[in-house]
Amino acid sequence: METAELIRYLDREGGLLAEAAEEAGTDAKVPTCPAWQVRDLLRHTGMVHRWATAFVAEGHTSYHPDGGLPELDGPALLTWFRDGHRRLVDTLATAPPDMECWSFLPAPSPLAFWARRQAHETTVHRVDAESARGGTPTAVPVDFAVDGIDELLLGFHARSRSRVRTDEPRVLRVRASDSDAVWSVRLSTEPPAAERGEVADADCELAGTAAQLYLALWNRGPFPGVTGDSSITTLWREKSAVTWS
(Lines give C-alpha, C1' and ligand atoms only; values in the text may rest on other atoms or scores of the structure.)
Protein backbone atom coordinates (compact mmCIF):
# COMPACT_ATOMS: atom_id res chain seq x y z
CA MET A 1 0.00 0.00 0.00
CA GLU A 2 1.09 3.59 -0.59
CA THR A 3 2.56 5.43 2.39
CA ALA A 4 0.00 8.24 2.19
CA GLU A 5 -2.85 5.72 2.33
CA LEU A 6 -1.34 4.01 5.36
CA ILE A 7 -1.06 7.36 7.11
CA ARG A 8 -4.74 7.97 6.43
CA TYR A 9 -5.57 4.62 8.02
CA LEU A 10 -3.40 5.50 11.01
CA ASP A 11 -5.27 8.78 11.37
CA ARG A 12 -8.66 7.08 11.23
CA GLU A 13 -7.81 4.15 13.47
CA GLY A 14 -6.31 6.29 16.22
CA GLY A 15 -9.44 8.41 16.30
CA LEU A 16 -11.64 5.33 16.51
CA LEU A 17 -9.46 3.89 19.27
CA ALA A 18 -9.74 7.03 21.38
CA GLU A 19 -13.49 7.23 20.82
CA ALA A 20 -14.04 3.61 21.87
CA ALA A 21 -11.75 3.99 24.88
CA GLU A 22 -13.59 7.10 26.05
CA GLU A 23 -16.96 5.37 25.72
CA ALA A 24 -15.74 2.25 27.54
CA GLY A 25 -13.96 4.14 30.33
CA THR A 26 -10.40 3.53 31.47
CA ASP A 27 -11.48 0.97 34.11
CA ALA A 28 -13.08 -1.32 31.53
CA LYS A 29 -11.61 -4.76 30.90
CA VAL A 30 -10.22 -5.51 27.43
CA PRO A 31 -11.61 -8.93 26.37
CA THR A 32 -9.08 -9.35 23.54
CA CYS A 33 -6.20 -8.68 25.99
CA PRO A 34 -7.45 -10.18 29.25
CA ALA A 35 -4.56 -8.85 31.35
CA TRP A 36 -5.38 -5.25 30.38
CA GLN A 37 -7.84 -2.55 31.26
CA VAL A 38 -8.44 0.32 28.85
CA ARG A 39 -5.93 2.50 30.71
CA ASP A 40 -3.20 -0.08 29.95
CA LEU A 41 -4.18 -0.09 26.29
CA LEU A 42 -4.02 3.71 26.05
CA ARG A 43 -0.71 3.92 27.91
CA HIS A 44 0.90 1.24 25.75
CA THR A 45 -0.34 2.51 22.39
CA GLY A 46 0.39 6.12 23.25
CA MET A 47 3.92 5.17 24.30
CA VAL A 48 4.45 3.30 21.02
CA HIS A 49 3.19 6.31 19.05
CA ARG A 50 5.70 8.61 20.77
CA TRP A 51 8.49 6.05 20.32
CA ALA A 52 7.79 5.83 16.58
CA THR A 53 7.51 9.60 16.24
CA ALA A 54 10.96 10.07 17.74
CA PHE A 55 12.65 7.93 15.07
CA VAL A 56 11.12 9.93 12.23
CA ALA A 57 11.21 13.39 13.82
CA GLU A 58 14.70 13.06 15.32
CA GLY A 59 16.29 10.77 12.73
CA HIS A 60 17.67 8.12 15.09
CA THR A 61 19.67 5.71 12.93
CA SER A 62 19.99 3.02 15.61
CA TYR A 63 17.62 1.59 18.18
CA HIS A 64 16.35 4.19 20.65
CA PRO A 65 14.47 3.19 23.83
CA ASP A 66 10.87 4.21 24.45
CA GLY A 67 9.94 6.85 26.97
CA GLY A 68 8.08 4.55 29.35
CA LEU A 69 4.45 4.53 30.40
CA PRO A 70 2.74 7.54 31.97
CA GLU A 71 0.91 7.49 35.29
CA LEU A 72 -2.00 9.38 33.76
CA ASP A 73 -5.58 8.12 33.89
CA GLY A 74 -9.09 9.21 32.94
CA PRO A 75 -9.59 12.31 30.76
CA ALA A 76 -5.94 13.35 31.12
CA LEU A 77 -4.81 10.00 29.72
CA LEU A 78 -7.18 10.31 26.76
CA THR A 79 -5.86 13.80 26.01
CA TRP A 80 -2.28 12.51 26.23
CA PHE A 81 -3.12 9.67 23.84
CA ARG A 82 -4.83 11.94 21.32
CA ASP A 83 -1.95 14.44 21.40
CA GLY A 84 0.64 11.73 20.75
CA HIS A 85 -1.41 10.17 17.97
CA ARG A 86 -1.87 13.53 16.27
CA ARG A 87 1.85 14.28 16.44
CA LEU A 88 2.68 10.88 14.93
CA VAL A 89 0.25 11.37 12.03
CA ASP A 90 1.53 14.89 11.36
CA THR A 91 5.18 13.81 11.60
CA LEU A 92 4.72 11.00 9.09
CA ALA A 93 2.62 13.13 6.75
CA THR A 94 5.23 15.90 6.56
CA ALA A 95 8.43 13.82 6.59
CA PRO A 96 10.50 13.80 3.37
CA PRO A 97 10.18 10.49 1.49
CA ASP A 98 13.96 9.99 1.53
CA MET A 99 14.40 10.52 5.28
CA GLU A 100 16.66 8.03 7.03
CA CYS A 101 16.13 6.42 10.43
CA TRP A 102 16.16 3.03 12.15
CA SER A 103 13.51 0.43 11.31
CA PHE A 104 13.20 -3.29 11.96
CA LEU A 105 11.25 -4.93 9.13
CA PRO A 106 11.83 -4.91 5.35
CA ALA A 107 10.20 -1.94 3.63
CA PRO A 108 10.77 0.31 0.61
CA SER A 109 11.97 3.09 2.95
CA PRO A 110 12.07 3.93 6.66
CA LEU A 111 9.10 6.26 6.19
CA ALA A 112 7.09 3.51 4.50
CA PHE A 113 8.02 1.13 7.32
CA TRP A 114 6.87 3.43 10.12
CA ALA A 115 3.63 4.40 8.36
CA ARG A 116 2.77 0.74 7.80
CA ARG A 117 3.83 -0.47 11.25
CA GLN A 118 1.94 2.23 13.11
CA ALA A 119 -1.18 1.88 10.96
CA HIS A 120 -1.41 -1.82 11.84
CA GLU A 121 -0.30 -1.36 15.46
CA THR A 122 -3.08 1.16 15.93
CA THR A 123 -5.69 -0.91 14.11
CA VAL A 124 -5.07 -4.00 16.23
CA HIS A 125 -5.34 -1.92 19.40
CA ARG A 126 -8.42 -0.14 18.06
CA VAL A 127 -9.99 -3.59 17.88
CA ASP A 128 -8.98 -4.04 21.53
CA ALA A 129 -10.63 -0.76 22.52
CA GLU A 130 -13.81 -1.65 20.68
CA SER A 131 -13.91 -5.03 22.39
CA ALA A 132 -13.87 -3.18 25.72
CA ARG A 133 -16.69 -0.89 24.62
CA GLY A 134 -18.80 -3.69 23.12
CA GLY A 135 -21.07 -3.45 20.13
CA THR A 136 -20.28 -4.00 16.47
CA PRO A 137 -16.59 -3.48 15.69
CA THR A 138 -15.46 -1.28 12.82
CA ALA A 139 -14.72 -3.29 9.67
CA VAL A 140 -11.13 -3.76 8.46
CA PRO A 141 -11.01 -3.09 4.68
CA VAL A 142 -9.85 -5.97 2.47
CA ASP A 143 -6.71 -4.37 0.99
CA PHE A 144 -5.56 -3.11 4.38
CA ALA A 145 -6.13 -6.52 5.98
CA VAL A 146 -4.13 -8.22 3.21
CA ASP A 147 -1.29 -5.75 3.76
CA GLY A 148 -1.37 -6.49 7.48
CA ILE A 149 -1.20 -10.24 6.93
CA ASP A 150 1.78 -9.66 4.64
CA GLU A 151 3.52 -7.66 7.36
CA LEU A 152 2.82 -10.28 10.01
CA LEU A 153 3.73 -13.40 8.04
CA LEU A 154 6.54 -12.12 5.81
CA GLY A 155 7.89 -9.60 8.33
CA PHE A 156 7.36 -10.30 12.02
CA HIS A 157 7.43 -14.08 11.87
CA ALA A 158 10.42 -14.22 9.53
CA ARG A 159 12.52 -12.87 12.41
CA SER A 160 14.52 -15.08 14.73
CA ARG A 161 12.27 -13.96 17.60
CA SER A 162 9.29 -15.91 16.25
CA ARG A 163 8.42 -18.84 18.51
CA VAL A 164 6.18 -20.57 15.94
CA ARG A 165 8.35 -23.66 15.43
CA THR A 166 7.69 -27.35 14.77
CA ASP A 167 9.99 -30.34 15.19
CA GLU A 168 8.49 -31.88 12.04
CA PRO A 169 8.27 -29.70 8.90
CA ARG A 170 4.70 -28.51 8.30
CA VAL A 171 3.00 -26.10 5.91
CA LEU A 172 0.23 -23.69 6.88
CA ARG A 173 -1.86 -22.20 4.08
CA VAL A 174 -3.71 -18.91 4.59
CA ARG A 175 -6.35 -18.11 1.97
CA ALA A 176 -8.42 -14.91 1.76
CA SER A 177 -11.85 -15.67 0.30
CA ASP A 178 -12.55 -12.07 -0.74
CA SER A 179 -9.29 -11.47 -2.64
CA ASP A 180 -6.73 -13.46 -4.60
CA ALA A 181 -4.29 -13.38 -1.67
CA VAL A 182 -2.88 -16.75 -0.59
CA TRP A 183 0.12 -17.40 1.65
CA SER A 184 2.12 -20.56 2.31
CA VAL A 185 3.99 -20.69 5.61
CA ARG A 186 6.66 -23.37 6.03
CA LEU A 187 7.06 -24.29 9.70
CA SER A 188 10.12 -26.05 11.08
CA THR A 189 12.69 -25.68 13.84
CA GLU A 190 13.70 -22.41 12.12
CA PRO A 191 11.67 -19.19 11.94
CA PRO A 192 8.57 -19.53 9.75
CA ALA A 193 9.26 -19.04 6.03
CA ALA A 194 6.23 -17.46 4.38
CA GLU A 195 5.62 -16.50 0.78
CA ARG A 196 2.69 -15.57 -1.40
CA GLY A 197 1.03 -18.33 -3.40
CA GLU A 198 0.43 -22.07 -3.15
CA VAL A 199 4.04 -23.18 -3.20
CA ALA A 200 3.72 -26.46 -1.27
CA ASP A 201 1.10 -28.95 -0.18
CA ALA A 202 -0.57 -27.69 2.98
CA ASP A 203 -0.99 -29.65 6.20
CA CYS A 204 -3.52 -27.10 7.46
CA GLU A 205 -5.44 -24.35 5.69
CA LEU A 206 -7.08 -21.27 7.15
CA ALA A 207 -9.74 -19.75 4.89
CA GLY A 208 -11.92 -16.73 5.48
CA THR A 209 -12.22 -13.09 4.61
CA ALA A 210 -9.04 -11.06 4.74
CA ALA A 211 -10.36 -9.20 7.80
CA GLN A 212 -11.21 -12.46 9.61
CA LEU A 213 -7.73 -13.83 8.90
CA TYR A 214 -6.04 -10.58 9.91
CA LEU A 215 -7.74 -10.57 13.30
CA ALA A 216 -7.30 -14.31 13.84
CA LEU A 217 -3.58 -14.26 13.04
CA TRP A 218 -3.13 -11.34 15.44
CA ASN A 219 -5.07 -13.41 18.03
CA ARG A 220 -7.95 -10.93 18.07
CA GLY A 221 -10.62 -13.25 16.73
CA PRO A 222 -11.46 -16.90 16.09
CA PHE A 223 -9.94 -18.77 13.18
CA PRO A 224 -12.54 -18.90 10.40
CA GLY A 225 -12.48 -22.04 8.25
CA VAL A 226 -9.87 -24.63 9.29
CA THR A 227 -9.15 -27.77 7.28
CA GLY A 228 -6.43 -30.32 7.89
CA ASP A 229 -4.29 -30.58 11.00
CA SER A 230 -5.88 -28.24 13.55
CA SER A 231 -2.93 -28.67 15.92
CA ILE A 232 -1.16 -26.08 13.77
CA THR A 233 -3.78 -23.49 14.69
CA THR A 234 -3.30 -24.41 18.34
CA LEU A 235 0.44 -23.88 17.92
CA TRP A 236 -0.24 -20.47 16.37
CA ARG A 237 -2.49 -19.44 19.25
CA GLU A 238 0.07 -20.51 21.84
CA LYS A 239 3.28 -19.24 20.24
CA SER A 240 2.61 -16.41 17.79
CA ALA A 241 2.06 -13.46 20.15
CA VAL A 242 4.19 -10.44 19.27
CA THR A 243 5.18 -8.81 22.55
CA TRP A 244 6.77 -5.45 23.30
CA SER A 245 9.71 -6.73 25.35
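The values are calculated or read from the model by the stated rules, or taken from the named source; none is laboratory data. Everything numeric here is computed off the predicted structure, so don't read it as measured data. When we count neighbours, we look across all protein chains shown, and the Cβ atoms used for this are built from the backbone with ideal geometry, even at glycine. Ligands, DNA and RNA are stripped out before the accessible areas are found, and what is left, the full protein with its side chains, is counted by its heavy atoms. Shrake-Rupley method; radii C 1.70, N 1.55, O 1.52, S 1.80 Å.
Please sort 101-112, 175-186 by packing, taking for each peptide the average over its residues of neighbouring beta carbons within 10 angstrom, highest first.
So the order, starting with the most tightly packed, is 175-186, 101-112.
Can you work out the Karplus-derived ³J(HN,Hα) for every residue in segment 162-176? Use 6.51 cos²θ - 1.76 cosθ + 1.60 with θ = phi - 60°, whole Hz, and x for glycine or proline.
My calculation for segment 162-176 gives 4, 9, 7, 10, 9, 5, 9, x, 9, 10, 9, 9, 10, 10, 8 Hz in order.
Could you report the chain's accessible area per residue, 1.4 Å probe, as an integer in Å²?
45
Label TRP244 and GLU100 with points 7 Å out from Cα along Cα→Cβ: what is the distance between them in nm?
Label at TRP244, label at GLU100, 3.1 nm between them.
Expressed in nm to one decimal, what extension gain is obtained for the pair VAL142 and SER179 from 0.36 nm per residue of sequence separation less their Cα-Cα distance?
Extra length from VAL142 to SER179 when fully extended: 12.6 nm.
Could you tell me what percent of the accessible area of the chain is made up of carbon and sulfur, with a 1.4 Å probe and every protein chain present?
The computed percentage sits at 51.
Helix-only estimate, please: 222 nm mean residue ellipticity of the chain, summing -39500 (n - 2.57) across DSSP H runs of length 4 or more and dividing by its residues, to the nearest 500.
So the calculated ellipticity at 222 nm is -15500 deg cm²/dmol.
Okay, which of segment 36-72 sit inside 13 Å, backbone N to the point 7 Å along the Cα-Cβ direction of ASP27?
Correct set: 38-39.
Taking amide H positions as placed 1.01 Å from N in the peptide plane, with prolines and chain starts having none, which residues 5 or more places from TRP102, or on another chain, fall under 5 Å of its amide H?
Amide H to amide H, under 5 Å and 5 or more residues apart or across chains, TRP102 pairs with HIS60, THR61, SER62.
Once you order the gyration tensor axes a ≥ b ≥ c over the Cα atoms, which shape class does segment 176-235 get: rounded for a/c under 1.5, otherwise prolate or oblate by comparing a/b with b/c?
oblate
Mind listing the long-range amide H neighbours of ALA181? Cut-off is under 5 Å, sequence gap 5 or more, other chains count too, H placed in the peptide plane at 1.01 Å from N.
Residues meeting the amide H criterion: ALA176.
Anything in the chain that counts as a DSSP H helix reaching 18 Å or more along its axis (C-alpha) with Kyte-Doolittle mean of at least -1.0? List them, would you?
Long hydrophobic helices here: 3-24, 38-58, 74-94, 110-133.
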